[in-house]
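Each remark here refers to the structure printed beneath this line.
What follows is calculated from the coordinates using simple rules that are stated; it is not laboratory data. Values in this document were obtained by computation on a predicted structure and should not be read as measured data. All Cβ positions, glycine included, derive from the backbone under ideal geometry; neighbour counts span all protein chains shown.
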Amino acid sequence: MEIITSHTNADFDSLAGMAAAQKLYPDARIVFSGSQERPLRDFFLRSPAARAVLPARLKDIDFSAVTRLVLVDTKSRNRIGRFAEMLGRPDLSVHIYDHHPFLEDDIRGEVERVEPVGATATLMTEILAEKGIGLTPDEATILMLGIYEETGSLAFASTTPRDLEAAARLLRQGADLNVVADFIIHELDAEQVDLLNDLLHSARTTAVGGVPILVATAERAHYVGDLALVVHKLRDTVGAGVVIAIAQMEDRVYVVIRSRMPEVDAGTLAAVVGGGGHRSAASATVRDATVSGVETRLLDRLRATARPLIRAHQIMTAPVKTIEAHRTLAEANDLMTRYGVNVFPVVEPAGNGGRLIGLISRETVQKSIFHALGNEPVETFMRTDVRTASPDTPLSEIEESMIEHNQRFMPVLENGQVIGAITRTDLLRAMHDFFLRATTPEGLPVEEGFPSRAIRRNVASLMAERLPGPLFSFLRSIAGLADRMGTQVYLVGGIVRDLFLGIENLDADLVVEGDGIAFAEAIVREVPGRVRPHKPFGTAVVVLDSGLKIDVASARTEVYETPAALPTVELSSIKKDLYRRDFTINTLAIRLSEGEFGRLLDFFGGRRDLKERTIRVLHDLSFVEDPTRVFRAIRFEQRFDFKISRHTKRLIETAVAMDLFHRLSGPRLFGELWLIFEEADPAKTVERLGDLDLLRFIHPRLDVSAEKLRHLARVKEALAWYALLFQEPPVRGAPMVYMTALLDQLEEADVLEVAARLSISPTDRGIILLPRRTAPSVLRTLSRRPPPAPSAVYEALSPIPIEGILYLLAGARPKSAQKAISEFITHGRFVRPPISGDDLTTMGIAPGPIYRRIMAELRAAALDGKPKGREEAIAWVKQKYGGSENG
């Protein structure tokens, strides 16, 4: 005899698994091992679809005659009732189909299909499809009930893509979603509401290893069905990350565990009392036990195995600026302003060990200076009752110390030395992260592009999907290198921003908390390549033999001594390194380490602004410190079709009113304009510069009219046309063509003034000025009727660099002039005389300036179609110059 069974207190996934198994074992009988959940009982009473399954009664089974036992949705010997008695018989073959992971004491089978999907019904649907076994609509409906119940209507975190694919397959085979809705979506009855009330009133939270565990208990003289449903309501009501519900009903203790925290595996915990399940959901039924006894066993197991969720070294800011005890309060005030900090750890002089002895706050410093005490040493008024943390101090202890003792800044010490600090911002971020992880519903999807809630998340899968394979493999390899060197390495900058925007970007920038050059040199010892270090800046360029180019830098902070000046750079932490950047969208970083590869750091709301398509500065003095950021803000706004935030726009207007841009050096301003002209559509950016009154900082008479924008658009068309020719690129490229067009409304004296202001080189000045000077006469020549001969076009255009010719093409009218210029670009400028100087020598013509004149005349003749070929050219020269003329 063959028997198909499942766990006691069977649910729809049990029924679905058994129904599918009967398609695989048509001679087997379905038998429930024990009770069923109430929705399942209702299904048999109310739904015509239940006729697809005809279970036998347990009491009618001759256990001694069973030769094959098929287990679905379970492999726990404690959850199959009397069927456990036959395990171990040599004549019994056990086949197992389940989606729960194996636990130590689980039954092992001759056949095992155990796979990590959201429901056993999913696994069975796939197996039937593999074997080409079809389903009736009623059977498909039963399997769909199993998937929907077990995955929370495909919304629980345990749901996999395979569950959705299986549901789609069942829908195609006739599954009735109306039936599914009738039995999956249901409210609590009066008894369950009363039970929920008792659980809520008994609920208490205890921290185990820094993880809050909600424990709720209740007792009933009679059985109340669907405890799991009640516990779901409890969890959703209180928003707990881990819930342990224990209910005494009749002579048994029922346990339901739900976990949203990766630190607590519900299935492993339930196994302590003979139950099972998976990481996020598990249950157990315990005989001969008490509620308090079961609770003690579960919590003892948690305490024995728990590890602190978050430790100080994971959330601290490092390195931290300190001040020696003998320094004055006035010096402390200057340093606080210089570095933008509010608290300094006070340390002994380095010669005395440099140990922490107190804290001094900005408030104390400024009040002391107000009272004319600025020359006093900081140790005079420092706070000495300071609570500190070690690198391994758990978050729960840090939280307690900082909140209960009103300490806004907690130094992290190792061997008495300050290695970092936890600020209120660090603490709030860690607590908020923990709260989100504990309360995010299981059904919340993991957004690959723009996760809106989680502070920390892993984007390794997104990297694998969107980065080129060689680059992703390289990043994977250096993660191991970083761990071996004991340093933190991050992927930063535009490549991370563009990863979320879905834009290809191969410019990989790495930031190292430590010696960036040493890390770059270590890379090329492991991966074939070469390194170019720049020691004054702590940066290096790694060029791999594979062609990959990687920029490596030490994490650093910048101090601006005066507005618009170049900054002083000092080594710092990743957080401060990101804080020095221009806009929030450029502050995202991805950790590259074996343990946390792909972990995203977002200290400043960069993902939010990417999602909201907003350009936002990090702090209010950003444009004062570096006015070039205004040009970058506009460039990014137009490139990505974002909007500058209202506050950032106000700061731009303030910078304009303060005339900060005149403090910029010419090369820096020219560099920003060059980058603008390298964009896909510079005209939009130039228009925005005009809107914000920024063009006057290039020249006060420079503005943007509608005609100017049309001219810039025609420059774009001309450059795009030229690019399609695949000819040699312009010597200086597109930016010089745009620059010439931008300045063409100005008088030549004004253009020279701009060139001096921007420190434009003499060569580039010539590229701008020559087409301006020649444009009127050239365009008159090219517009003549009848059209000029090709030789005349060549004479007019050949002295002008290609950038100037493209500028003329963009502004040329009428069409005949455009045609003449385009024919010169594609053909005329490449025409050469049919003979060479050697031929002239052979003809007896003495070398000299006459060679140049002859060759020019031959080129002109060739352009106009005569002479044709080498022989005619030789005859033409002989006729005109004879055979021995010296000129």
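Some observations on this one:
- Spatial separation of Cα centroids for region 859-879 and region 622-684, in angstrom: 56
- Spin-label model, Thr337/Arg663: points 7 Å from Cα along the beta carbon direction are separated by 1.4 nm.
- The angle between the Cα long axis of helix 748-757 and the longest principal axis of the Cα atoms of the chain comes to about 50 degrees, rounded to the nearest 10.
- If a spin label sat at a point 7 angstrom from the Cα of Arg870 along the line to its beta carbon, the backbone N atoms of region 824-855 nearer than 17 Å would be those of 832-844.
- Separation between Cα centres of region 380-431 and region 232-283, rounded to whole Å: 34
- Compared with the dominant Cα axis of the chain, that is its longest principal axis, helix 666-677 is turned about 70°.
- Charge tally in the Cβ shell below 9 Å around Ile360, where Lys, Arg are +1 and Asp, Glu are -1, Ile360 excluded: +1
- In region 646-764, the C-alpha radius of gyration followed by the widest Cα-Cα span (Dmax) gives 14.9, 47 angstrom.
- Centroid-to-centroid separation of region 100-123 and region 493-511 [C-alpha atoms, Å]: 41
- For Ser798, distant residues with modelled amide H under 5 Å away: none
- The lysines whose alpha-carbon is closer than 30 Å to the alpha-carbon of Lys535, local same-chain residues fewer than 8 away aside, are Lys321, Lys549, Lys575, Lys576.
- Ordering of 813-823, 605-615, 146-156 by packing [mean C-beta count within 10 Å, highest first]: 146-156, 605-615, 813-823
- According to the Cα-based calculation, Rg over Rh for region 837-881 is 0.94, with Rh computed by the Kirkwood formula.
- When His371, His313, His711 are arranged by Cβ crowding within 10 Å, least crowded first, meaning fewest neighbours, the order is His371, His313, His711.
- The chain, relative contact order [Cα under 8 Å, separation at least 6], %: 5
- Kirkwood Rh, angstrom, region 786-887 [1 / mean 1/r, Cα pairs]: 14.8
- Summing +1 for each Lys or Arg and -1 for each Asp or Glu among the other residues whose beta-carbon sits under 11 angstrom from that of His313 gives -1.
- Three principal axis extents describe the C-alpha atoms of region 283-395; from largest down they are 76, 30, 23 Å.
- Ordering of 414-423, 376-385, 737-746, 840-849 by packing is 737-746, 414-423, 376-385, 840-849, highest average first (other Cβ atoms within 10 Å, averaged per residue).
- Under 24 Å from the Cα of Lys815 - lysines, other chains or at least 8 residues apart: Lys708, Lys716
- Each Lys or Arg adds one and each Asp or Glu subtracts one; over the other residues with Cβ under 10 Å from the Cβ of Asp138, this totals -1.
- Measure of compaction for region 190-307 (Cα Rg per 2.2 N^0.38 Å): 0.95
- Whichever lysines have a C-alpha closer than 16 Å to that of Lys643, once near sequence neighbours (fewer than 8 apart) are set aside: Lys611, Lys684
- Structural descriptor for region 1-81: relative contact order 48 percent, calculated from alpha carbon pairs under 8 angstrom and at least 6 residues apart.
- Convex hull per residue volume in Å³, alpha carbons only, for the chain: 281
- Separation in nanometres of the label points that stand 7 Å from Cα toward Cβ, at Arg362 and Glu612: 2.4
- If R0 is taken as 30 Å, the Cβ-Cβ distance between Leu752 and Arg780 corresponds to a FRET efficiency of 0.75.
- For region 859-879, backbone nitrogen atoms closer than 14 Å to the point 7 Å from Arg852 Cα along Cα-to-C-beta are found at no residue.
- Highest mean packing comes first when the peptides 193-203, 113-123, 80-90 are listed by Cβ atoms within 10 Å, giving 113-123, 193-203, 80-90.
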